[in-house]
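Here's the structure we're looking at; comments come further down.
The values are calculated or read from the model by the stated rules, or taken from the named source; none is laboratory data. From a predicted model like this one, the values you see are computed outputs, not experimental measurements. Please note: Cβ atoms are built from the backbone with ideal geometry, for glycine as well, and neighbour counts cover all protein chains shown. In case anyone asks, the SASA skips ligands and DNA or RNA and just uses the protein heavy atoms, side chains included. Shrake-Rupley method; radii C 1.70, N 1.55, O 1.52, S 1.80 Å.
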Amino acid sequence: MGLLSDPVRRRALARLVLRLNAPLCVLSYVAGIAWFLALAFPPLTQRTYMSENAMGSTMVEEQFVGGDRARGFARDFAAHRRKSGALPVAWLQRTMRTVGLEVYTQSFSRKLPFPDETHERYMVSGTNVYGILRAPRAASTESLVLTVPCNSDSTNSQAVGLLLALAAHFRGQIYWAKDIIFLVTEHDLLGTEAWLEAYHDINVTGMQSSPLQGRAGAIQAAVALELSSDVVTSLDVTVEGLNGQLPNLDLLNLFQTFCQKGGLLCTLQGKLQLQDWTTLDGPLQGLQTLLLMVLRQASGRPHGPHGLFLRYRVEALTLRGINSFRQYKYDLVAVGKALEGMFRKLNHLLERLHQSFFFYLLPALSRFVSIGLYMPAAGFLLLVLGLKALELWMQLHEAGVGSEETGGAPGPSTPLPPAQGVGLASLVAPLLISQAMGLALYILPVLGQHVATQHFPVAEAEAVVLTLLAIYAAGLALPHNTHRVMSTQASDRGWMALKLVALIYLALQLGCITLTNFSLGFLLAATMVPAAALTRPNGPRPLYAALLVLTSPAAMLLGSLFLWRELQEAPLSLAEGWQLFLVALAQGVLEHHTYGALLFPLLSLGLYPCWLLFWNVLFWK
């Protein structure tokens, strides 16, 4: 306390902080990026292990041999679907009753905020069909779910056939202690969301659906299945859910264990997993897989039906059967045995999965990075904002520090004049106008789409995207001199106070985002922190302006799309990247209003106004 209360020592501390601030910021930023890149290398990456005792062994005998029956169900389903042009509800009901399930249907409808041009739908209505296998050894207090999504452009008939064959096989077993729900949803994720909302008796997305006539117990875990053909070369597992949520790591470990037991080739992010991590090839491929997971998690999209289950505290995975040029070939029996083993082990659970990690990164299926090891990477980046904020605070409250630093030898201290007034009134206008621009960016595109289509020859989805871009660009022009609106005599130190507020605002936002979705928080910090730290009204203003534009939220999204396709070994041209960027904008807004994805409101209501504050600082006069 004496160090802070003594004016002489306080000024000496201020001089030390100011002198070392720049090298400390550079060192902290480099350390954060280096720490993140090192996450794919031992010892930061660890081998996965099973934490739940009830699932620690795979000593169950899988007896599923219904491959021919599954293929027969798949052919019948595909034929009835082609004949009706929609989900064959009557055939599914009849078939599920034949195998001994309690069968129910649920109708739903949803008017999207604007047409979804990707899936060519606007007014959506459909029917979900589900059958319940009652547990002979329990009182329907807990349940498991096996779900197959069906979309208009993909029948997923092999997955439906395998689901029905597994239902018939499970019906003949007496060891089930949990109800098993076999769910076939229409319109992909929309049907899944409608069923989940009705099952839990809530409505969070405005979905209109009929109440469920049949229920089982509380859902403990769920597996979503998508198959492209009768023969698969590998099973790809997807874990990224809505708003970056992840299932308990033990569920992923269970899947990998039964794949290894059955000799199935399993992939993560579509990439084969190298077993040799003693050479450099393993960690380098692990880094590529890790970056793909970070980009997918940061998007906040539900990358499969499982992503919507996670919102309701249901641990879930999506398994996709891939049929590629690889020499390994597996039929539906091998996939069915893996699913049977997983459900039999989940049947042993006495409580929800909770002992393993919920926050992790995956450089490979057999390796993970825990939250305690990856959080320092974001911490180092956020430290840069703290150091710059501390520097500005000391410059504002320690008058004459700069002159003493450059001035002569130390001598008896003399009282210094008070610091020049900051003029806090000049900060009100930039803060209010920047936040108003963010609010307009969030509300006006969807609200004003019909006005735009009446006056311009564009469709509704195009009107939403063009309005987004127009408001975003208008924000660059409006706030240059907003501080003069309420204070005609803005202080020279006003930009320092505004930047101090912007740094604290950005640090709080990034800190909160990182705690819930590390991938999104880290990507935003890695791009926005350097520009936030360097921006000032004096200096090479064109260079700072270019840096700010290149690190804005929209530029980060565009760059992420190019990086994503580059890591997938399918690089984009500039024209293709721009088109994909426009589609991503429309899908981001649509998924927010349809499923509750939070990326769009986070960027429009939080980070975009904060970025505009730094734009104000740059053009402060």
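Could you tally the net charge around Gly161, taking each other residue with its Cβ under 14 Å from the Cβ of Gly161, Lys/Arg +1 and Asp/Glu -1? Working shown, then result.
Working: positive: Arg69, Arg71, Arg75, Arg81; negative: Asp68, Asp76, Glu226, Asp230, Asp331.
Surrounding charge for Gly161 is -1.
Within the chain, which cysteines find no other Cys whose Cβ is under 4.7 angstrom from their own?
Unpaired cysteines in the chain: Cys25, Cys150, Cys512, Cys610.
Please give me the summed charge of the neighbours of Ser299: other residues whose Cβ is under 13 Å from its Cβ, Lys and Arg +1, Asp and Glu -1. Could the numbers behind the result be given before it?
On the way: positive: Arg296, Arg301; negative: Glu240, Glu591.
So the environment of Ser299 carries a net charge of 0.
In percent, how large is the relative contact order of the chain, given Cα pairs closer than 8 Å and 6 or more residues apart? Don't jump to the answer; show the numbers that get you there.
Values: 1044 pairs, mean separation 107.5, N = 621.
Relative contact order here is 17 percent.
If you put +1 on each Lys and Arg Cβ and -1 on each Asp and Glu Cβ, how big is the dipole of the chain around its Cα centre, in Debye rounded to 20? Working shown, then result.
Values: 44 positive and 40 negative charges, 86 e Å.
The dipole of the chain has a size of about 420 debye.
With point charges of +1 on the Cβ of Lys and Arg and -1 on the Cβ of Asp and Glu, referenced to the Cα centre of the stretch 122-240, which listed residue (Tyr199, Tyr175, Thr185) lies farthest in the positive direction of the dipole?
Tyr175
Accessible area per residue for the chain in Å², computed with a 1.4 Å probe and the full protein assembly in place, what is it? Please list the in-between numbers first.
Details: 25980 Å² over 621 residues.
Per residue, the chain has 42 Å² of solvent-accessible surface.
Heavy-atom accessible area of Trp393 with all protein chains present, probe 1.4 Å, nearest 10 Å²?
It works out to around 120 Å².
I need the shape label for the stretch 307-381. Rule: rounded when a/c is under 1.5, else prolate if a/b > b/c, else oblate, with a, b, c from the alpha carbon gyration tensor.
Verdict is oblate for the stretch 307-381.
In what sequence, largest accessible area first, do Arg215, Arg71 appear using a 1.4 Å probe?
Numbers: Arg215 100, Arg71 55 Å².
In descending accessible area the options line up as Arg215, Arg71.
Express in nm, to one decimal, how much length is gained between Ile443 and Thr205 on full extension, taking 0.36 nm for each residue of separation and deducting their alpha carbon distance. Intermediate values should be presented prior to the final figure.
Working: separation 238, 0.36 × 238 = 85.68 nm, distance 1.68 nm.
That works out to 84.0 nm of additional length.
Measure nothing fancy, just the Cα-based angle from helix 189-199's long axis to the longest principal axis of the chain, in degrees from 0 to 90, nearest 10.
With rounding to tens, the tilt is 80 degrees.
Determine the gain in length on full extension of the stretch His397-Ala12; use 0.36 nm per residue of separation and subtract their C-alpha separation, reporting nm with one decimal.
Details: separation 385, 0.36 × 385 = 138.60 nm, distance 1.34 nm.
137.3 nm is the gain from fully extending His397 to Ala12.
Counting only protein heavy atoms and a 1.4 Å probe, tell me what percentage of the chain's accessible area is made up of carbon and sulfur.
Details: 16090 of 25980 Å².
About 62 percent, which is the carbon plus sulfur part of the accessible surface.
Over what distance in Å are the Cα centres of the stretch 24-40 and the stretch 558-621 separated?
Distance between centres, Cα-based: 24 Å.
Select from the stretch 280-376 those chymotrypsin sites (Phe, Trp or Tyr not before Pro) which occupy a DSSP coil region and have at most 13 other Cβ atoms within 10 Å, ordered by residue number. Can you show the working numbers first?
Numbers: sites: Phe309, Tyr312, Phe325, Tyr328, Tyr330, Phe343, Phe357, Phe358, Phe359, Tyr360, Phe368, Tyr374; in loops: Phe325, Tyr328, Phe357, Phe358, Phe359.
Qualifying residues, ordered by number: Phe325, Tyr328.
What distance in nm separates the two pseudo spin-label positions at Tyr312 and Ser228, each 7 Å out from Cα along the beta-carbon direction?
3.0
Over what distance in Å are the Cα centres of the stretch 159-224 and the stretch 530-549 separated?
Rounded to whole Å, the Cα centres lie 53 Å apart.
Mean separation of Cα pairs under 8 Å and 6+ residues apart, divided by the residue count of the stretch 226-348: what relative contact order is that in percent? Before the final figure, lay out the partial values.
Working: 183 pairs, mean separation 60.2, N = 123.
Reported as a whole number, the value is 49 percent.
Helix-only estimate, please: 222 nm mean residue ellipticity of the chain, summing -39500 (n - 2.57) across DSSP H runs of length 4 or more and dividing by its residues, to the nearest 500. Before the final figure, lay out the partial values.
Working: 22 runs with 324 residues, N = 621.
When only DSSP H runs of four or more count, the value is -17000 deg cm²/dmol.
For the stretch 138-259, rounded, prolate or oblate, judged on the Cα gyration tensor with a ≥ b ≥ c (square roots of eigenvalues), a/c < 1.5 rounded, else prolate if a/b > b/c?
Working: a/c = 1.31, a/b = 1.11, b/c = 1.18.
Cα axes put the stretch 138-259 in the rounded bin.
Relative contact order, percent, of the stretch 100-158 when contacts are C-alpha pairs under 8 Å separated by at least 6 residues?
Numbers: 49 pairs, mean separation 18.8, N = 59.
It comes to 32 percent, rounded to a whole number.
Taking the Cα centre of the stretch 243-369 as origin, work out the dipole magnitude from +1 charges on Lys and Arg Cβ and -1 charges on Asp and Glu Cβ, in debye rounded to 20. Show your work: numbers first, answer last.
Values: 14 positive and 7 negative charges, 56 e Å.
With Lys and Arg at +1 and Asp and Glu at -1, about 260 debye.
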